[in-house]
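J.: Attaching a single structure in structure tokens format; questions to follow.
We did not get these values from a lab; they are worked out from the coordinates using the rules stated. Small disclaimer: the values here were computed from a predicted structure and weren't measured. Counting neighbours? That spans all protein chains shown, and the Cβs are built from the backbone with ideal geometry, glycine included.
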Amino acid sequence: KQEVTQIPAALSVPEGENLVLNCSFTDSAIYNLQWFRQDPGKGLTSLLLIQSSQREQTSGRLNASLDKSSGRSTLYIAASQPGDSATYLCAVINGSQGAQKLVFGQGTRLTINP
Amino acid sequence: EAGVAQSPRYKIIEKRQSVAFWCNPISGHATLYWYQQILGQGPKLLIQFQNNGVVDDSQLPKDRFSAERLKGVDSTLKIQPAKLEDSAVYLCASRASYEQYFGPGTRLTVT
């Protein structure tokens, strides 16, 4: 059974710092891995999706890496801003495209202090 | 392109009552998911539909939860009777190819 763990559970940093969020998973036979952002009272917004054949994806100030062999992914946020404050969720995608199933970590609650 | 729509956004009921949630996926998305997100946890898959057929409902508490997707478009999730531990946000998502797109969720409080 796939289990996904995110560390730390909460993180508070001053504005402008670079930071790394960690995600680990127990079964390396994954299809894809996806990072989401969730604002309070809102749904999930997809940030980055890394296919199993890729090692990283970048979007603006965000960079996500994937190491399947070690069961780890990281989300790097450069030059953090107060608007980055949110909960960040990592989800491992198991199964083939037709029967795709997401298994989520518990999230990291990020606070960027002005 | 319109996103995934869900209603209601909030619902408060007493235990043992019944409740239903509605989801309208993105047009053309064949796959639809219902997730339960308890406060402080990540979402947990309840059921997955491919068109109007069930692909995975292994984590759906079938003694009280039911879901249907008529005509392969809209879907409803029902809880009857509700328990205190059902208090959570219920998220609907749809998918065409690689990515799942999530709706805003329905926050259920059972008192």
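J.: Would you pull out the residues with amide H under 5 Å of B:Glu99's amide H, same chain only if 5 or more places away, H placed 1.01 Å from N?
T.: none
J.: In addition: Whole-Hz Karplus ³J(HN,Hα) for the range B:36-47, in order, using 6.51 cos²θ - 1.76 cosθ + 1.60 and θ = phi - 60°, x for Gly and Pro?
T.: Result, rounded to whole Hz: 10, 10, 7, 3, x, 10, x, x, 10, 5, 9, 7.
J.: Related question: Which residues in the range A:67-84 have a backbone N closer than 16 Å to a point placed 7 Å from the Cα of A:Thr5 along the Cα-to-Cβ line?
T.: Only A:70-74 pass the distance filter.
J.: Please order A:Thr111, B:Thr31 by the number of other Cβ within 10 Å, starting at the fewest. Could you put the intermediate results ahead of the total?
T.: Working: A:Thr111 13, B:Thr31 20.
So the ranking, lowest neighbour count to highest, is A:Thr111, B:Thr31.
J.: Once Lys and Arg get +1 and Asp and Glu get -1 on their Cβ, which of A:Asn32, A:Ala91, B:Phe65 lies farthest toward the positive end of the dipole of the protein assembly as shown?
T.: Checking the options against the dipole of the protein assembly as shown, the answer is B:Phe65.
J.: Across peptide B:92-100, how many C-beta atoms of other chains are within 10 Å of each residue C-beta, on average? Don't skip to the answer; put the middle values down first.
T.: On the way: counts 1, 3, 0, 3, 0, 2, 9, 6, 9.
The shielding value for this peptide is 4.
J.: Got a sec? How would A:Ser85, B:Ser97 order by Cβ neighbour count within 10 Å, fewest to most? Let's see the in-between values first.
T.: Working: A:Ser85 17, B:Ser97 9.
Placing the least packed residue first, the sequence is B:Ser97, A:Ser85.
J.: Other chains' Cβ within 10 Å of A:39-46 residues: what's the mean?
T.: Details: counts 0, 0, 6, 5, 15, 12, 2, 5.
Neighbouring Cβ atoms belonging to other protein chains average 6 per residue here.
J.: In Å, the Kirkwood hydrodynamic radius of the range A:44-88 over pairs of distinct alpha carbons? Numbers along the way, then the final one.
T.: Values: mean 1/r = 0.0865 Å⁻¹.
When all Cα pairs of the range A:44-88 are included, the Kirkwood radius is 11.6 Å.
J.: On each of the three principal axes of the Cα atoms of the range B:38-111, give max minus min coordinate, whole Å, ordered largest first.
T.: Ordered largest first, the range B:38-111 gives principal extents of 37, 25, 20 Å.
J.: Send over the per residue convex hull volume for the range B:1-78, Cα only, as a whole number of Å³.
T.: Working: hull volume 8.6 nm³, N = 78.
Normalising the Cα hull of the range B:1-78 by residue number yields 110 Å³.
J.: Could you tell me which of rounded, prolate or oblate describes the range A:1-101, using a ≥ b ≥ c as the square roots of the eigenvalues of the alpha-carbon gyration tensor, with rounded for a/c under 1.5 and, failing that, prolate when a/b is larger than b/c and oblate otherwise?
T.: Numbers: a/c = 1.85, a/b = 1.66, b/c = 1.11.
Verdict is prolate for the range A:1-101.
J.: Just tell me how shielded A:82-90 is by partners: mean number of partner chain Cβ atoms within 10 Å of each residue's Cβ, no decimals. Could you put the intermediate results ahead of the total?
T.: On the way: counts 0, 0, 0, 0, 0, 2, 0, 4, 1.
What the average comes to for A:82-90 is 1.
J.: Filter A:Lys42/A:Lys101; B:Lys44/B:Lys83; A:Lys68/B:Lys71 down to the pairs with a C-alpha to C-alpha distance above 28 Å, please. Mind dumping the intermediate values first?
T.: Working: A:Lys42/A:Lys101 21 Å; B:Lys44/B:Lys83 17 Å; A:Lys68/B:Lys71 39 Å.
Flagged as over cut-off: A:Lys68/B:Lys71.
J.: For the protein assembly as shown, with only Lys/Arg (+1) and Asp/Glu (-1) charged at the beta-carbon, what is the dipole magnitude about the Cα centre, in debye rounded to 20?
T.: Details: 22 positive and 18 negative charges, 103 e Å.
In debye, rounded to 20, the protein assembly as shown gives about 500.
J.: With just the Cα atoms defining each centre, how far is the range B:58-72 from the range A:1-74? Give it in Å.
T.: Distance between centres, Cα-based: 30 Å.
J.: Further, regarding this structure: To two decimal places, what compactness ratio does the protein assembly as shown give when its Cα radius of gyration is scaled by 2.2 N^0.38 Å? Intermediate results must be reported in sequence, preceding the final value.
T.: Working: Rg = 17.5 Å, N = 225, 2.2 N^0.38 = 17.2 Å.
Its radius of gyration relative to the 2.2 N^0.38 Å reference: 1.02.
J.: If you put +1 on each Lys and Arg Cβ and -1 on each Asp and Glu Cβ, how big is the dipole of chain A around its Cα centre, in Debye rounded to 20? Walk me through the intermediate numbers first.
T.: Numbers: 9 positive and 8 negative charges, 53 e Å.
That gives a dipole near 260 debye.
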